[in-house]
Amino acid sequence: GAVVSQHPSWVICKSGTSVKIECRSLDFQATTMFWYRQFPKQSLMLMATSNEGSKATYEQGVEKDKFLINHASLTLSTLTVTSAHPEDSSFYICSARVGGYSYEQYFGPGTRLTVT
Amino acid sequence: AQSVTQLDSHVSVSEGTPVLLRCNYSSSYSPSLFWYVQHPNKGLQLLLKYTSAATLVKGINGFEAEFKKSETSFHLTKPSAHMSDAAEYFCVVSPPNTGNQFYFGTGTSLTVIP
C-alpha cells in the first residue's frame, strides 16, 4: 500500500515551452502533497506544499508563477513548469501524506526534466 | 530553526562489516526523524522512523537507528553490510507544528566493497 506514482518519469522539452508533471496517490487519499527538487548528487529541496482544494504554499525563493501547482483532488497534484529554461533541468520528486496523525510521507519515483 | 547534518558525504565499507551513517539534527522541539534510502533511478524508500516512542528504532533490511536527545543525534547502523545496501541515504527531520514539513540532510553515499 501507500504507492505514489509520477508521470512522466522522464521528459525533454525545448526552452520556452511548458511541461506538466503529475503526481498520483494510487491507493490512498492524500490531504497534503509536497514537491521537491533534487540536483545531481545533492539533497532534496522542498519547493512547495499543497493541500487539496487550496493554494499551494511555496518555499522562499521558489517562483510561484513559474512553478504552478494544482491539487484538485485527494489523489492528484500537478506541477507545471512554465516557460522552461535549461536551468530548470532537474529531478522533480513529489510526496504525499495521508493526514491525521501520520507523519510519514510517501515518495514518488521522480521525474527527470531536461530543457534544451 | 531546524536543520539536519549528515556528517559524511561518502562512506565505504567492506561486505559483511558494520555500517554507521551519522546524522545530527537541530530542532527547537522534539522532532520526528526518518532515514530514507535512494537507489539509482529509484524513488525514496523509508528505512525507519522515530516519532517519540522507543529511542532504538528498528527498520527494514536489518537497519536500526538510535535517537539520542542529549547528543541530538540519530545515527543509522547495520551490523553487516550487503552489496545491495549500496545507495544514497538521507536523514530527515520533521519538527512538530510545521505541517509535517521534511528537512533533508545532504545525503551519504554508501559504497559496499566485495
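Please treat every number below as a calculation from the coordinates, not as lab data. Owing to the predicted nature of the structure, the values given are computational and were not obtained by experimental measurement. A quick note on method: Cβ atoms are made from the backbone with ideal geometry, for glycine too, and the neighbour counts reach across all protein chains shown.
Checked against the criterion of being touching a residue at least 60 places away in the same chain (Cβ under 8 Å), surrounded by 12 or more Cβ atoms within 10 Å (Cβ to Cβ), closer than 30 Å to A:R112 by Cβ and within 11 Å of chain A (Cβ to nearest Cβ), the candidates B:V4, B:V11 yield just one match: B:V4. Kindly indicate whether any position in the stretch A:44-54 is buried (at least 17 other Cβ atoms within 10 Å of the Cβ), over 30 Å from B:T51 (Cβ atoms) and among the β-branched types (V, I, T). Looking for residues that are buried (at least 17 other Cβ atoms within 10 Å of the Cβ), over 30 Å from B:T51 (Cβ atoms) and among the β-branched types (V, I, T), one finds none in the stretch A:44-54, hence no.
Might you check whether a residue that is assigned to a strand (DSSP E or B) and in contact with a Cys (Cβ under 9 Å, 6 or more places away or on another chain) occurs anywhere in the stretch A:35-57?
yes
Look at the stretch B:56-85: where a residue is basic (K, R) and a partner is outside any helix (DSSP H, G or I), sitting 6+ places away or on another chain with Cβ atoms under 7 Å, you get B:K58/B:L48; B:K58/B:E64; B:K78/B:P18; B:K78/B:V19; B:K78/B:F63. Note on the stretch B:15-56: among residues that are within 13 Å of another protein chain (Cβ to nearest Cβ) and aromatic (F, W, Y), the one that is surrounded by the fewest Cβ atoms within 10 Å (Cβ to Cβ) is B:Y50. Of everything in the stretch A:58-90 that is touching a residue at least 24 places away in the same chain (Cβ under 8 Å) and in a loop (DSSP other than H, G, I, E, B), the residue that is farthest from A:Q29 (Cα to Cα) is A:H85.
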